[in-house]
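Student: Sending over a structure as C-alpha cells; questions will come in a sec.
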Amino acid sequence: MSGADLARPILLVGCGKMGGALLAGWRERRIAPSFLVVEPAAPVAAAPDVSLHKGPASLPSGPVAAIVLAVKPQSMDEVLPAYRGYAERGTLFLSIAAGKTLSAIARGLGVPAPIVRAMPNTPAAIGRGIAVAVANGQVDATQKALADRLLAAVGEVGWVAEEALLDAVTAVSGSGPAYVFLLIETLADAGVAAGLPRELADRLARATVAGSGELARLSPEPAARLREAVTSPGGTTRAALDVLMAKNGLAALMKRAIAAATKRSRELAD
C-alpha cells in the first residue's frame, strides 16, 4: 500500500498534542490525499489537504480509509455513537486513548467493527515516538497494515497479540518520557548541588541524556554493555554506580514505579 493508492481521506477525531503530531506526520509523508479533522477548538491551521469540522454533523457523507480516535478517554463514550455509521460500513477505527479497551470502544460504537488500539508516546511530536498496538478479530491484514502505516508516520511501531500487555506498555513507554525528563531534572539539580552553574548543569544533563539515548538507539550492543564501556574499575563512574545499583537503588525503584503505573492503567480500564 503506497501513498498514491490510498485514495480515501483519513478522519482524525480530536487534534490535541498527540492528534496534532499524527496529523503532521501523515501530511509530511502524504499518507492520504486529504484529512478530515473533527476538533471543536480547531487548533490546526487551515490547509488545502485539511478539512476542519467542529463536530461530526458537518462531515461529508463519503467513505474514509480510517477513523483515528485521539480524544481524551473520558470523552470517548460521548463521542463514539456519532460514528456508528462508519462502523457499519466496516471502516477501520484506530484509538490512541489510554485505558479504553477494544471491547469498550466496540460497545460505544454499538456494532462490531475493526478496531486497533495503540499506545504511542510524546516523542511522536518530533517523529521519534514508539507505539505498541493490538487489533481485534475484525481487523484484516490490509487494515492492520494501514494502522501500522498511520502510527509509523511518527516513529516506531510494535504489535502484541494480548491486549492486557498494553498496561505494561503504557507504564514503560507511554509514561516513560516523564521518567526521562525527571532524570534530566535530577541530574541537573545534582550538578548544581556539586557546584555547577544552573545553566551549565541543565545543558550537561540534557545533552548527556539525549546523546546517550541516541547512542543506545544506534548501537547493536545491549544497554548493559554500553554501561560497562563507560565504567572503569575504581573510577568516578563506578563510585556513582555503586550508589545507583545498590540493593534499594535505581533498579528496585524503577520496578516499583512500573508496577504502580501498570496497576493504575488496569484500574483506568475497569
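What follows draws every value from the coordinates through simple rules; no lab data is involved. Because the structure is a prediction, the values reported are computed rather than measured. Cβ placement follows ideal geometry from the backbone for every residue including glycine, while neighbour counts extend to all protein chains displayed.
Student: Please work out if R29 is touching a residue at least 40 places away in the same chain (Cβ under 8 Å), surrounded by fewer than 18 Cβ atoms within 10 Å (Cβ to Cβ) and within 23 Å of the chain's Cα centre (by Cα).
Tutor: yes
Student: Got a sec? Which strands (runs of 3 or more DSSP E) wholly within segment 6-81 have at least 2 residues that are under 24 Å from A133 (Cα atoms)?
Tutor: Passing ranges, in order: 10-13, 35-38, 66-69.
Student: Which condition breaks for A106 when tested against (1) closer than 24 Å to L165 by Cβ; (2) in a loop (DSSP other than H, G, I, E, B); (3) of a type outside the set (S, T, N, Q)?
Tutor: With (1) closer than 24 Å to L165 by Cβ; (2) in a loop (DSSP other than H, G, I, E, B); (3) of a type outside the set (S, T, N, Q) applied to A106, the lone miss is (2).
Student: While we're here: What is the one condition in (1) surrounded by fewer than 11 Cβ atoms within 10 Å (Cβ to Cβ); (2) under 24 Å from the mean Cα position of the chain (by Cα); (3) not basic (K, R) that G174 does not satisfy?
Tutor: (1)
Student: Quick one: which of A190, A210, A259 is surrounded by 12 or more Cβ atoms within 10 Å (Cβ to Cβ) and within 30 Å of K100 (Cβ to Cβ)?
Tutor: Testing whether each residue is surrounded by 12 or more Cβ atoms within 10 Å (Cβ to Cβ) and within 30 Å of K100 (Cβ to Cβ) leaves just A259.
Student: Is it the case that V169 is farther than 22 Å from A257 by Cβ and not hydroxyl-bearing (S, T, Y)?
Tutor: Taking the combined requirement at face value, the residue does not satisfy it.
Student: Cβ-Cβ below 9 Å, separation at least six or inter-chain, first residue in segment 209-221 and more than 13 Å from L187 (Cβ to Cβ), second surrounded by 12 or more Cβ atoms within 10 Å (Cβ to Cβ) and of a type outside the set (A, V, I, L, M): which pairs?
Tutor: Correct list of pairs: R217/R128.
Student: Can you pull out every residue in segment 238-251 that is over 28 Å from the mean Cα position of the chain (by Cα) and exposed (fewer than 13 other Cβ atoms within 10 Å of the Cβ)?
Tutor: Passing the criteria: A239, A240, D242, V243, L244, A246, K247, N248.
Student: For K100, which of the numbered conditions (1) surrounded by fewer than 14 Cβ atoms within 10 Å (Cβ to Cβ); (2) of a type in the set (D, E, K, R); (3) in a loop (DSSP other than H, G, I, E, B) fails to hold?
Tutor: (1)
Student: Which residue is nearest to the chain's Cα centre (by Cα), if the candidates are limited to segment 110-158 and must be assigned to a helix (DSSP H, G or I) and crowded, with 21+ Cβ neighbours inside 10 Å?
Tutor: A124
Student: What helices (runs of 4 or more DSSP H) lie completely within segment 168-270 and have 2 or more residues being of a type in the set (D, E)?
Tutor: Fully inside segment 168-270 and qualifying: 176-193, 198-218.
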